[in-house]
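Notes to accompany the following structure.
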């Protein structure tokens with residue numbers, strides 16, 4: 001019988017730790033529902049003890065998602081595990097994931113603990129977590145730089161205390177495929193009762209080896225892969241979920257009798273939703289989900305694909321849920337036709353979210369003659385994460401030219417009350433941002449401004465991403481509109497709203513990684 005490789009998605013926890021990629025509650029819920037549709041086995045929803053915001057996120061995801069295991073991260077401290085358990089009280093399938101570092105580097109410089117003290121912490125923490133739920137995962141942080149025999153001791157204690165999943169993280173992206181596979185085999189051979197545990201791998205991409213290391217570990221007996229959509233995460237990112245899943249699906253001759261439960265046609269919608277939420281675009285040559293992943297420019301390649309796609313494509317765009325760049329609807333289309341097209345694209349949008357998306361579609365159809373599937377996708381992504389925010393763009397008028405000083409008239413709702421101002425700048429975007437900064441009283445600094453066309457054509461929607469920073473906090477805002485100036489305004493306001501959200505959160509400066 002085919003054996004299942006569990007997909008543990010940590011986009012909402014480790015992925016969110018990418019600089020500027022923090023998400024508000026509505027955004028997390030939208031992504032969690034998409035991950036449920038995707039068919040991942042576990043969603044790591046956050047680190048409950050880190051802040052009230054993280055606690056609420058885990059609690060809300062646990063209430064909203066029932067078909068997937070919901071996991072909360074916790075260090076081995078008593079309070080960490082208590083908070084994780086409280087956040088998961090309503091989860092249909094709760095999992096507590098507790099961790100502590102095991103490398104001598106971390107013991108000496110970070111924890112300042114002895115090996116014996118760490119083992120005591122592991123036994124107590126896993127036992128405590130096991131008292132709250134049956135599904136407990138233990139991770140040995142920086143496992144790939146830890147002494148092998150000591151790892152055997154630590155994991156043996158965790159297993160005996162009640163852990164059912166043993167995670168072997170490559171926390172700093174240090175190991176190589178052969179080395180990692182050998183470590184997994186060694187642990188499985190040396191840990192008493194290892195046949196009763198699921199071995200998990202959590203790799204970082206500092207040397208570009210996260211996916212290779214994860215696949216090598218699977219071949220060595222690991223049965224859970226911890227990964228993120230688009231490979232986002234701290235530093236160089238985490239293992240890319242879509243690359244692991246599609247490698248296994250594309251090469252069954254290599255991964256004999258192994259499969260995941262992922263509905264691959266939901267991969268591209270998940271990728272697009274995450275990009276829309278964070279404002280971080282996928283690099284064009286990114287495997288599986290990049291814009292160029294199914295593009296062919298060379299004449300020889302084009303000729304081959306026209307004759308038989310298998311000549312240069314080892315998977316199809318449809319297999320990951322990527323729609324062809326075709327006309328789908330027009331300004332005369334009604335709600336029924338719009339809803340049917342959403343279902344064809346795998347976009348299940350209900351109630352208020354549907355009404356917002358439909359209104360946005362009709363507005364776009366009045367100004368853009370050709371509407372593509374990609375247009376529909378960004379409209380929906382922009383609609384389903386809408387939430388009550390302090391600032392809202394009401395009106396924008398811009399004048400600019402080679403003989404005219406750029407000027408922007410901007411109206412914004414601040415806490416429900418309209419405010420308006422006019423500003424000039426060295427360019428139209430500069431004028432807009434100066435006006436918005438005045439109305440929102442932000443002291444943030446603009447770090448990056450990027451524009452991306454959603455589809456081809458002069459009337460393509462512009463997707464703008466804005467990175468700003470204030471007091472060491474960096475966030476990314478995103479905006480979409482057929483008018484790039486409007487998209488820029490939305491992106492800047494979105495980013496400022498994120499800063500406001502962070503100001504309301506009571507963050508606790510605690511370490512957040514494995």
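Rule-based calculations on the coordinates, nothing more; no lab input. These figures come from a predicted structure and were not determined experimentally. Neighbour counts run over all protein chains shown; Cβ positions are idealised from the backbone, glycine included.
What does the helix-only formula give at 222 nm for the chain: each DSSP H stretch with n ≥ 4 adding -39500 (n - 2.57), the total divided by the residues, and the result rounded to the nearest 500 deg cm²/dmol?
Here the helix-only value at 222 nm equals -12000 deg cm²/dmol.
Quick check on segment 197-307: take the gyration tensor over C-alpha atoms, sort the square-rooted eigenvalues as a ≥ b ≥ c, and tell me if it's rounded (a/c under 1.5), prolate or oblate.
It is oblate, given that a/c is not under 1.5 and a/b is not larger than b/c.
Measuring from label point to label point, each 7 Å out along Cα→Cβ, what is the residue 287 to residue 108 span in nm?
3.6 nm
At a Förster radius of 45 Å, what calculated FRET efficiency corresponds to the Cβ-Cβ distance of residue 451 and residue 79, to the nearest 0.05?
After rounding, the FRET efficiency stands at 0.50.
Angle check, please: helix 210-219 long axis (alpha carbons) against the longest principal axis of the chain (alpha carbons), in degrees 0 to 90, nearest 10.
Approximately 40 degrees, to the nearest 10.
With angles folded into 0 to 90 degrees, how steeply does helix 267-278 sit against the dominant principal axis of the chain? Use alpha carbons for both and round to 10.
Taking the Cα atoms of the chain, the angle to 267-278 is about 70 degrees.
Once segment 3-278 is represented by equal point scatterers at the alpha-carbon sites, with solvent omitted, what log10 I(q)/I(0) does the Debye formula produce at q = 0.14, 0.17 Å⁻¹?
The Debye formula, applied to the Cα set alone, gives -0.94, -1.44.
For segment 1-122, what class follows from the C-alpha gyration tensor (a ≥ b ≥ c being the square roots of its eigenvalues): rounded when a/c is under 1.5, otherwise prolate if a/b is larger than b/c, else oblate? Please list the in-between numbers first.
Working: a/c = 1.85, a/b = 1.55, b/c = 1.19.
It comes out prolate by the Cα gyration axes.
Please work out the FRET efficiency for the pair residue 417 and residue 312, using the Cβ-Cβ distance as r and a Förster radius of 35 Å; give the result to the nearest 0.05.
Numbers: r = 57 Å, r/R0 = 1.63.
It comes to 0.05.
Only bridges whose two residues both fall in segment 3-278 count here: according to DSSP, what percent of them are antiparallel, nearest 5?
5 percent
For the chain, what is the convex hull volume of the alpha-carbon atoms per residue, in Å³?
Spelled out: Cα convex hull of the chain, divided by residues, is 164 Å³.
Sort 442-455, 200-213 by packing, meaning the average of other beta carbons within 10 Å per residue, with the highest value first.
200-213, 442-455
Counting DSSP beta bridges in the chain, what percent are antiparallel, to the nearest 5?
Beta bridges within the chain, antiparallel portion: roughly 50 percent.
Suppose R0 equals 56 Å; then what is the FRET efficiency for residue 188 and residue 355 from their Cβ-Cβ distance, rounded to the nearest 0.05?
0.60
Taking square-rooted eigenvalues a ≥ b ≥ c of the alpha carbon gyration tensor, is segment 391-504 rounded, prolate or oblate, where a/c under 1.5 means rounded and, failing that, a/b exceeding b/c means prolate? Before the final figure, lay out each step's value.
Working: a/c = 1.59, a/b = 1.21, b/c = 1.31.
Note, shape of segment 391-504 comes out oblate.
Separation between the residue 116 and residue 90 pseudo-spin-labels, each 7 Å from Cα along Cα→Cβ, expressed in nm?
Result: 4.6 nm between the two label points.
Against the longest principal axis of the chain, how steep is helix 25-38, in degrees 0 to 90 to the nearest 10, with axes from Cα atoms?
For helix 25-38, the angle is close to 70 degrees.
When the Cα centres of segment 53-122 and segment 231-245 are compared, how far apart do they sit, in Å?
Distance between centres, Cα-based: 21 Å.
If you average the sequence gap of Cα pairs under 8 Å that are 6 or more apart and divide by the length of the chain, what percent do you get for the contact order?
13 percent
Pull out the extension gain between residue 459 and residue 160, defined as 0.36 nm times the separation in residues minus the alpha carbon to alpha carbon distance; nm, one decimal.
Taking residue 459 through residue 160 to full extension adds about 101.4 nm, to one decimal.
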